[in-house]
Amino acid sequence: MISKLLIANRGEIAVRIIRTARRMGIATVAVHSDADTGSLHVAMADEAVRIGPAAPAESYLDAEAILRAARATGADAIHPGYGFLSENPDFVEAVEGAGLIFVGPPAAAIRAMGLKDRAKALMEEAGVPVVPGYHGEDQDAGTLRAKASEIGYPVLIKARAGGGGKGMRRVDRDAEFDAALDSARSEARSSFGDPACLIEKCVSTPRHIEVQVFADGHGNCIHLFERDCSLQRRHQKVVEEAPAPGMTPAMRAEMGAAAVRAAQAVGYVGAGTVEFIADASGGLDPNGFFFMEMNTRLQVEHPVTEAITGLDLVEWQLRIAAGHPLPVAQSDLAIDGHAVEARLYAEDPARDFLPASGHLATLRFPPEGPGLRIDSGVREGDVISPHYDPMIAKVIAHGPDRSAAFAALGRALGATVTAGSVTNRAFLCRLLADADVLAERVETGLIARKGDALTVDPAPDARAMALAALAVAVPPSVDGASPFDALRDFRLHGTARATVRFDDGAGGMEVVTVTTAPGGARRVETPGGLVEIDRVHRQEATTLAVVEQGVRRRVPVSVAGRRVLVQPEGTAHEFLLYDAAEAVAEAGGDRLVAPMTGTVRRVSARVGEDVEKGQPVLVLEAMKMEHTLAAPRAGRVAEVLAEPGEQVEEGALLLALDPEEAG
């Protein structure tokens with residue numbers, strides 16, 4: 001068996017692997033960049049080794065630095081997690097060449113499945129259905145555009161290497177093709193070092209359904225049922241569930257058999273996922289699914305499979321890597337209930353899911369227990385780095401059926417409190433409660449189709465502002481600290497008044513007055529109207545216990561510096577305390593500033609050039625994704641203050657328009 005395991009990764013997957021290794025009695029080694037010196041996975045591991053600066057290319061993608069760390073610590077195996085080097089066959093060969101165990105498939109299997117075009121040809125030979133498209137070697141833009149026309153719009157341009165939605169663009173008409181191809185190639189080159197793309201027919205009502213497979217080195221291969229990953233934004237998954245809603249026994253058997261054939265065709269060993277696209281326009285049909293790709297590693301969403309099977313997939317990986325056979329046969333497996341996972345990200349859904357960085361001033365999850373699991377690689381006080389994926393946690397719920405699992409996950413997310421960085425928490429709550437989602441009408445375009453209804457937070461009402469004022473005005477109680485705690489609302493001389501001032505977002509302030517009666521009732525006067533609270537009690541620093549019209553509710557709150565966060569009934573509203581010294585008028589529309597920390601990749605605007613409102617003028621790369629920035633209005637470019645390759649901070653001025661040219 002493996003005695004010491006080096007985890008060549010970071011964040012929540014490194015933490016998750018360490019937990020299983022520790023339970024199995026395996027010593028662990030963490031590697032880390034300068035940005036991750038104080039991270040959770042470093043603190044949890046038995047040993048830790050610095051491997052380089054924050055940039056992934058100089059640390060987590062530096063194979064030699066990772067091998068040096070393994071030699072220095074005496075590790076006998078390396079687990080790659082997912083992302084970074086996990087699907088790099090050269091790394092596998094380097095690990096094995098150093099006499100170490102690679103916890104994953106053989107290099108040949110990774111190579112066979114690593115390029116989507118070759119993988120699809122191989123799958124056709126193995127009798128696995130594939131999506132119609134062009135997977136050839138000719139990468140001339142004219143050839144690709146002609147193939148797209150032959151296939152018929154809409155089509156998907158997809159990077160042949162990598163995954164995670166990077167290097168993927170939907171094209172609906174010929175006039176959009178060249179720009180989409182340039183963007184996909186650029187992102188593919190940046191993410192995978194390979195700009196080559198393939199073209200596929202875009203399925204009209206697509207469901208993304210994948211099958212977890214496992215194979216050992218003794219010729220055995222099984223599947224662990226399917227997961228539905230159709231709820232996506234920007235071609236990236238945000239909610240995954242198992243089993244797939246609407247799945248029939250016949251289709252499950254056919255899809256599972258196809259996944260096993262795919263794995264066997266490449267001599268697979270270990271954990272892998274075969275991803276299919278299903279045409280759900282007429283419901284799921286055994287003849288209506290097509291191979292997309294195989295991820296030759298553990299998947300981010302593997303916990304939902306663990307929940308419905310009761311298995312630890314990382315333990316299976318470690319045992320199979322050590323030469324053990326699969327512990328069960330296909331006939332031994334059964335589905336227990338339903339599981340659903342939501343990915344909690346530092347990102348802004350209202351701004352096209354723009355990734356965010358920042359300091360997690362507050363991070364509180366409900367307690368784990370039967371039916372609820374939290375996988376996270378960060379803690380309260382940590383920083384979300386612009387160098388890596390902005391995931392905060394995966395929240396996983398398991399119940400006897402789909403409705404119970406979704407309800408449990410919604411409650412867990414409603415009780416989660418984050419402050420200091422914008423997150424997608426409220427968006428996830430709305431998505432889980434969406435009527436189509438609950439009715440099992442899921443497909444990959446649902447989030448984009450619903451738009452603002454899911455992504456834009458409702459404006460705070462008078463009650464939300466009143467609760468924010470109470471979060472500031474009512475001090476936390478400390479149980480047992482004083483015999484007078486029970487008399488906190490007692491007033492010897494009648495009412496008491498407190499004033500809370502919030503920034504109105506335009507340099508002014510909004511005044512909220514809190515009046516406390518002798519019995520503890522509060523009258524809160526806000527610009528939006530009067531709010532009356534029967535009783536309010538501050539539980540620790542993160543919860544208000546509020547009684548309104550005889551009903552008691554717990555409202556998560558956070559006060560960090562000037563930022564005040566309240567989460568009534570699952571919604572989220574953030575207020576900024578007024579600071580006269582910092583109150584300035586908002587900048588006009590003459591300036592384009594960096595919406596996040598990142599690296600400038602392209603600048604298409606020039607000084608003196610006239611631009612239209614919404615015209616792309618600059619491309620910024622952050623969190624391993626490219627983001628096109630547009631002119632804020634029509635006008636003439638007065639200054640360009642950024643150049644390709646330059647690292648810029650959030651809020652940095654990138655481009656200015658001539659004020660005299662205001663449209």
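The values are calculated or read from the model by the stated rules, or taken from the named source; none is laboratory data. The structure presented is a predicted model; accordingly, all values stated were derived computationally and were not measured. FYI the Cβ positions are ideal-geometry reconstructions off the backbone, even for glycines, and counts take in every protein chain you see. Protein only, heavy atoms only, side chains kept; ligands, DNA and RNA dropped before computing areas. Shrake-Rupley method; radii C 1.70, N 1.55, O 1.52, S 1.80 Å.
In region 387-396 there is no residue that is of a type in the set (Asp, Glu), on the phi < 0 side of the Ramachandran plot, in a loop (DSSP other than H, G, I, E, B) and modelled with pLDDT of 95 or more.
Do we find that Pro366 is in contact with a Gly (Cβ under 7 Å, 6 or more places away or on another chain), in contact (Cβ under 8 Å) with a residue 40 or more places away in the chain and open to solvent by 10 Å² or more (accessible area, probe 1.4 Å) in this structure?
Judged against the criteria, Pro366 is not a match.
Being buried (at least 16 other Cβ atoms within 10 Å of the Cβ) and modelled with pLDDT of 95 or more is not true of His235. Whether any residue in region 459-478 is part of a helix (DSSP H, G or I), modelled with pLDDT of 90 or more and of a type outside the set (A, V, I, L, M, F, W, C) is what I want to check. Yes; the residues of region 459-478 include at least one that is part of a helix (DSSP H, G or I), modelled with pLDDT of 90 or more and of a type outside the set (A, V, I, L, M, F, W, C).
Residue count for region 83-112 satisfying the condition of being more than 17 Å from Gln317 (Cα to Cα) and more than 24 Å from the chain's Cα centre (by Cα): 11.
Among what's in region 208-221 and is touching a strand residue (DSSP E or B) at 6+ places or on another chain (Cβ under 6 Å) and open to solvent by 10 Å² or more (accessible area, probe 1.4 Å), pick the residue that is farthest from Gly104 (Cα to Cα). Per the stated criteria, the residue is His208. Spot the failing condition for Pro56; the list is (1) in contact (Cβ under 8 Å) with a residue 24 or more places away in the chain; (2) within 29 Å of Gly598 (Cα to Cα); (3) open to solvent by 50 Å² or more (accessible area, probe 1.4 Å), and only one is missed. It fails just one condition, (3).
This table checks each residue for (1) out of contact with any helix residue (DSSP H, G or I) (no Cβ under 7 Å at 6 or more places or on another chain); (2) surrounded by 14 or more Cβ atoms within 10 Å (Cβ to Cβ); (3) assigned to a helix (DSSP H, G or I); (4) at pLDDT below 95.
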residue: Gly81; (1), (2), (3), (4): no, yes, no, no
residue: Pro105; (1), (2), (3), (4): yes, yes, no, no
residue: Met113; (1), (2), (3), (4): no, yes, yes, yes
residue: Lys120; (1), (2), (3), (4): yes, yes, yes, yes
residue: Glu137; (1), (2), (3), (4): yes, no, no, yes
residue: Glu150; (1), (2), (3), (4): yes, no, yes, yes
residue: Gly163; (1), (2), (3), (4): yes, yes, no, yes
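Checking each residue of region 255-270 against the condition of being crowded, with 24+ Cβ neighbours inside 10 Å, part of a strand (DSSP E or B) and in contact with a strand residue (DSSP E or B) (Cβ under 6 Å, 6 or more places away or on another chain) gives no match.
Out of all the residues in region 504-547, which are acidic (Asp, Glu) and modelled with pLDDT under 90?
Matches in region 504-547: Asp504, Glu540.
The number of residues in region 84-111 being of a type in the set (Phe, Trp, Tyr) and at negative phi comes to 2. With respect to Ile13, is the statement that it is open to solvent by less than 30 Å² (accessible area, probe 1.4 Å), in a helix (DSSP H, G or I), out of contact with any helix residue (DSSP H, G or I) (no Cβ under 7 Å at 6 or more places or on another chain) and closer than 21 Å to Ser376 by Cβ true? Yes, satisfied.
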